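This report concerns only the one structure given below.
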Amino acid sequence: QEKLESVRNALLSVRDQHQNESSVNKPLLLIDGQDTDRAILQRTLEPAGYQILQASSVDEAFTIIYKNTPRIILLDWAMPEIGGLLLCRRLRREFGLRLYIIILTAHYNQDDALEALEAGANDYLGKPIDRNFLLAKLLVAKKIVEFISSLESNCEQLIHQNHSLQSMAMKDALTGLANRRGADEFLKQHWPNALRHQSDLSCIMIDIDHFKKINDQYGHDQGDRVLAAVGKTILEISRIGDLTARVGGEEFMIICLQCNQENAASLAERLRQSVTKIVGTLPPVTISVGVSELNAAMANIEALLRAADQALLTAKRQGRNRVVC
Ligand code: GH3
Ligand code: MG
Ligand code: MG
Ligand code: MG
């Protein structure tokens, strides 16, 4: 609920911000093959406070749109090369609703109006241009552009927030490693590929020895610090691309890609030794580790994890502070 609240507030603040700043004060783009027509429009619009960009060809139009990101386009029906309507379709396909396109035409009639709107234009205006009629249409255009840009930025914010919520949901807050859900996601993602290519994939299960005693003897906070320190050691020892996760209270897991059991076991052994050397004011701890690798007989992910769990259990039974495959 708190997170949702903060998403909502972020959205509101972006909206406010957006209403002040203006996609609306962006220049307007005139696309017309004829210099005289563009000059007339420029003289009409500039005194009304519009900043005008001009393009006389398709290429020029696209270049300017990418560079200056105008939002309102005045497009001549009789554009050379491909014609205004085809260009309108292309602009709509390329830039979606971000552009507000007004088609200008010398032969104004209702059939043409329909054709222009079907080509994706937002509006349609006959030449010679009536100044006030054009200014009125531009007022509408600005309102719509403003509305669409605020939607757009709200959407971007939502997507961004959604990404960070998603990654938060996959992370363990205490250690910064993945949590159980993150581990599941990782395995779901890499399992099919590993199976298909019969590539090496190993699982290392780690459990801190007698951790209950650490809590009892030194307190829960100190216990948490030990967990964080073990997490940090795991991160340091593992390779980039490996999954490192805290999958239970004092249980961790490493999934090693392109790594056979032998290599995983030596990594586990280095980890075991490093944990015994964690320095500082923390109580000393040891870990027990179980290692398994993907083989052809394993039907699912659980089989791989179960094999590592079994090995870990054996490590505990054999006296702890050891690695078992
Ligand atoms: P073993 O060597 O057999 O693994 O013994 P153990 O004491 O480590 O195992 P057990 O599963 O009995 O105890 C695990 C303890 O971990 C119990 C619980 O209080 C503690 N624990 C679980 N989560 C946390 C946590 O987030 N913080 C702290 N400080 N302790 C935790
Ligand atoms: Mg013309
Ligand atoms: Mg345990
Ligand atoms: Mg334990």
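Nothing in this text is a laboratory measurement; each read-out follows from the coordinates by a stated rule. Because the structure is a prediction, the values reported are computed rather than measured. So basically every Cβ, Gly included, is an ideal-geometry build from the backbone, and we count neighbours across all protein chains shown.
Observations, loosely collected:
- Counting only cysteine Cβ atoms and a cutoff under 4.7 Å, the chain contains unmatched residues C88, C155, C203, C325.
- Length released on extending from K188 to L151, taking residue separation times 0.36 nm less the Cα-Cα span: 9.9 nm
- Magnitude of the charge dipole for the chain, about its Cα centre and with charges confined to Cβ atoms of Lys, Arg (+1) and Asp, Glu (-1), is about 1020 debye.
- Within the chain, helix-based [θ] at 222 nm, where runs of 4 or more DSSP H residues each add -39,500 (n - 2.57), nearest 500: -18000 deg cm²/dmol
- Each peptide in 46-58, 247-259 was scored by the mean count of other Cβ atoms within 10 Å over its residues; highest first, the order is 247-259, 46-58.
- Cα lying deepest toward the dipole's positive end in the chain, options Q217, A311, N25, charges on Cβ: Q217
- Using only side-chain charges placed at the Cβ, +1 for Lys and Arg and -1 for Asp and Glu, the dipole size of the range 160-235 relative to its Cα centre rounds to 180 debye.
- The H on the amide N of I101, modeled in the peptide plane, is under 5 Å from the matching H of I73, N122, D123, each at least 5 residues off or on a different chain.
- Contour minus Cα-Cα distance for Q42 and D224 (0.36 nm per residue): 58.6 nm
- The chain - share of DSSP beta bridges that are antiparallel (%, nearest 5): 50
- Compared with the dominant Cα axis of the chain, that is its longest principal axis, helix 180-196 is turned about 90°.
- Per residue, the average separation of C-alpha pairs within less than 8 Å and at least 6 apart gives the chain a relative contact order of 13 percent.
- For the range 166-325, the dipole from Cβ point charges (+1 on Lys and Arg, -1 on Asp and Glu) about the Cα centre works out to 160 debye, to the nearest 20.
- Positive dipole terminus of the range 245-284, leading residue within F252, A264, L282 (C-beta point charges): L282
- For the range 57-148, the spread of Cα positions along each principal axis, largest first, Å: 32, 31, 21
- Residue pairs, from the table K3/K232; K188/K232; K26/K67; K3/K171; K232/K277, whose Cα atoms sit over 18 Å apart: K3/K232; K188/K232
- Phi-derived couplings, Karplus 6.51 cos²θ - 1.76 cosθ + 1.60 at θ = phi - 60°, listed residue by residue for the range 262-275: 4, 5, 5, 5, 6, 4, 4, 5, 4, 5, 4, 5, 4, 4 Hz, with x used for Gly and Pro.
- By the Kirkwood approach, averaging reciprocal distances over each pair of separate Cα atoms, the chain gets a hydrodynamic radius of 25.0 Å.
- Residue-wise HN-Hα coupling along the range 223-234, computed from phi with Karplus coefficients 6.51, -1.76, 1.60 (Hz; x: Gly, Pro): x, 4, 5, 4, 4, 5, 5, 5, x, 5, 5, 4
- Cα shape, the range 75-122, gyration tensor, a/c 1.5 rule: oblate
- Among 197-208, 112-123, the order from most to least packed when residues are scored by Cβ within 10 Å on average: 197-208, 112-123
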